[in-house]
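Chemist: The structure that follows is given in the form of structure tokens.
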Amino acid sequence: MQRRVLARSLEPLPEESLPGFLLRLAYRLHLSPARVARLCGIETNGQRRLAADHLLELPSDTAAEFARVTGLSALEVQNLGLRR
């Protein structure tokens, strides 16, 4: 499924994690962080929270989709994970 590119995005802050980025982006878009995660291709399994393994590193296909939708580079997405 091809997702639409978000109307607005952000530049990640130095040392920012994925949850922090999603929180800032959600605030900017006036949406919940869970909704933004779903729009960006990150599965939340209906629990309104990220899977623990996504905090470490997004799977490659999910990371590519997240980068495309948010306008970030692959390196920026990789640096949002805790396994930098």
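The numbers here are math on the coordinates, done by the rules we state, and not lab data. Just so we're clear, the structure is a prediction, and the values are computed from it rather than from any experiment. All Cβ positions, even for glycine, are placed from backbone atoms using ideal geometry, and neighbour counts span all protein chains on display.
Quick grid of which residues meet (1) acidic (Asp, Glu); (2) in contact with an Asp or Glu (Cβ under 9 Å, 6 or more places away or on another chain):
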{"position": "Glu11", "(1), (2)": "yes, yes"}
{"position": "Asp61", "(1), (2)": "yes, no"}
{"position": "Val69", "(1), (2)": "no, no"}
{"position": "Leu72", "(1), (2)": "no, yes"}
{"position": "Arg83", "(1), (2)": "no, yes"}
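Chemist: A further question follows. Taking region 8-36, which residues are farther than 15 Å from Leu72 by Cβ and in a loop (DSSP other than H, G, I, E, B)?
Modeler: Glu15, His30, Leu31, Ser32
Chemist: Identify the residue in region 23-68 that is free of Cβ contacts under 8 Å to residues at least 60 places away in the same chain and of a type in the set (Lys, Arg) and, among all such residues, is nearest to Arg3 (Cα to Cα).
Modeler: Top of the filtered list is Arg38.
Chemist: Which residues, counting only those in region 69-84, are buried (at least 16 other Cβ atoms within 10 Å of the Cβ), among the hydrophobic types (A, V, I, L, M, F, W, C) and free of Cβ contacts under 8 Å to residues at least 24 places away in the same chain? Reasoning before the result, please.
Modeler: Kept after step one, since they are buried (at least 16 other Cβ atoms within 10 Å of the Cβ), are these residues of region 69-84: 69-70, 72, 76-81.
Now restrict to residues that are among the hydrophobic types (A, V, I, L, M, F, W, C): 69, 72, 77, 80.
Val77, the sole residue that qualifies.
Chemist: Follow-up. Restricting attention to region 55-74, which residues are touching a Gly at 6+ places or on another chain (Cβ under 7 Å) and either more than 13 Å from Phe21 (Cβ to Cβ) or among the small types (Gly, Ala, Ser) (or both)?
Modeler: Leu56, Glu57, Thr62, Glu65
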